[in-house]
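We did not get these values from a lab; they are worked out from the coordinates using the rules stated. On a predicted model such as this, the values are computed, not experimentally measured, just so you know. Positions of Cβ are backbone-derived with ideal geometry, glycine not excepted, and every protein chain shown enters the neighbour counts.
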Amino acid sequence: MSSSHVLVLNCGSSSLKFAIIDSNSAIEHLSGLAERLGEASPQIKYKFNGKKHTVALANGDAHEVAINQLVELVKSLKLDQQLVAVGHRVVHGGEHFTHSALITDTVLEAIKQTATLAPLHNPANLLGITAASDAFSTLPQVAVFDTAFHQTMEPQAFLYALPYELYKKHSIRRYGFHGTSHYYVSAQAIDLLGLKGKPSKIVTAHLGNGCSICAVKDGKSVDTSMGLTPLEGLVMGTRSGDIDPGLFAYLVNQLNYTASQIDTLLNKESGLLGISELSNDCRTIEESAAEGHTQAQLALDIFCFRLAKQIASFAVPLGGIDALVFTGGIGENSDVIRAKVVNQLSFLGFKLNNESNLAARFGNEGVITDQDSTPLALVVPTNEELVIAQDAAKLAEEL
Ligand code: AMP
């Protein structure tokens, strides 16, 4: 099998995650992170051949400089010869994109138009695309969208009960995110459970700093917990998830909040951090809860209760549940959260296996329920970078 290396870029407002992945063998040849871009003391950290390195950048150096440094690095490591494409993670594809797309002027224009729906993310993604197109001008550039997998949702799942005009004129609807992850882990689970080509009803739970679940019926997303923005749905590290929309008027009229203060409150000061008044990091919350910190215990309880409730509700769009898949930093590592959630769902037939639950950590996949449990629960480590590499290589090959 010939090698087919792809440079995968995930550009945030002050960071750039990168990797070079062989899309055939799934081997990662280089991985790294440029951080504090445009700020004081930016730097690039990377791992090559198992060794970690750090390169300091000058104060204020931004994405262009980081990408140019990356080009030099890739050349000096002699990794440039085998590159077949650059794959970009793009957060919002609106209704334009149901699949990954080769970046042309028209595609670039559509991503720009969608930026109003993701003002924090799409402009940063566009910076990465522009800088990489200049630096790797001979390579095809491919956009892979977080929203694309959920474009199979029906109107009954994606529309809010708002005046229809808001959807028609302003595209206000539920889009869903983490699509690349939900797609990858559901496909892996279908393979693992021998359900390929057969009907399947799977709930995937991507639990990291951001958290969302997805109802995947016969391989297609039919519902998901995030909406117009990645704020809707579950309790997350610093995000509130679902709240009473009446809260907005209350905060404005009674407590004199502005729109941007509400945005900060719900996105950055809520969730595990807001309830615990301690941390947004699940490890810290678990450790403190075990030591008897009451608000950390409460944060864990609320996180798990809300998650279990939403998982059970996805039996409706699926018409039942065959399997529940955990992934993301929390889903792949926290036996504590998985146990609390699966035990709260025992009325559906889940039977947790404590030993398997403890074994499935730190990158190990596996079923965590008893053999006779229906539904099953399992852990599947996600690999969004691999999906981006595979989609980019495929589209480049079709040129
Ligand atoms: P991610 O955004 O997917 O990188 O996930 C980050 C989250 O995973 C953070 O809240 C971490 O605290 C959590 N996490 C990572 N490892 C563990 C662990 N061993 N136990 C509990 N939570 C973990």
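For the options 27, 368, 311, a Gaussian network treatment of the chain with springs between C-alpha atoms closer than 10 Å singles out 27 as fluctuating the most.
The relative contact order of the chain, computed from alpha carbon pairs under 8 Å that lie at least 6 residues apart in sequence, is 14 percent. Counting other Cβ atoms within 10 Å as a rough exposure proxy, the listed residues 226, 236, 153 run 153, 236, 226 from fewest neighbours to most. Near residue 351: Cβ cut-off under 14 Å, other residues only, Lys/Arg at +1 and Asp/Glu at -1. The net charge is -2. Here, the range 96-229 is characterised by an Rg to Rh ratio of 1.01, where Rg is the alpha-carbon radius of gyration and Rh the Kirkwood radius. Remark: spin-label model distance residue 196-residue 277 equals 5.4 nm, labels positioned 7 Å along the Cα→Cβ axis. Each peptide in 65-75, 204-214 receives the mean, over its residues, of other Cβ atoms within 10 Å, and ordering these scores from highest gives 204-214, 65-75.
Cβ crowding within 10 Å ranks 96, 150 as 96, 150, fewest other Cβ atoms first. For the range 7-114, a/c is not less than 1.5, where a ≥ b ≥ c are the root eigenvalues of the C-alpha gyration tensor, and a/b does not top b/c. That puts it in the oblate class. Using 0.36 nm per residue and subtracting the Cα-Cα separation, the extra length available between residue 263 and residue 315 on full extension is 15.6 nm.
Within straight-line reach of residue 17, meaning a Cα separation under 19 Å, sit the following lysines at least 8 residues removed in sequence or on another chain: 45, 47, 51, 52, 75. For the residue pairs 169/268; 220/340; 196/340; 217/309; 198/394; 201/351, the C-alpha atoms sit more than 21 angstrom apart in 169/268; 220/340; 196/340; 198/394. Ordering 22, 263, 391 from the fewest to the most neighbouring beta carbons within 10 Å gives 263, 22, 391.
When DSSP beta bridges are restricted to pairs lying wholly in the range 161-262, around 100% turn out antiparallel. Multiplying each eigenvalue of the alpha-carbon gyration tensor of the range 356-399 by 5 and taking the square root yields semi-axes of 33, 13, 5 Å, largest first, rounded to whole angstroms. In a fully extended conformation the segment linking residue 171 and residue 77 would gain 29.3 nm over its present Cα-Cα distance, using 0.36 nm per residue. Per the Debye calculation on the chain with a single equal scatterer at every Cα and no solvent contribution, log₁₀ I(q)/I(0) for q = 0.06, 0.07, 0.13 Å⁻¹ amounts to -0.24, -0.33, -1.21.
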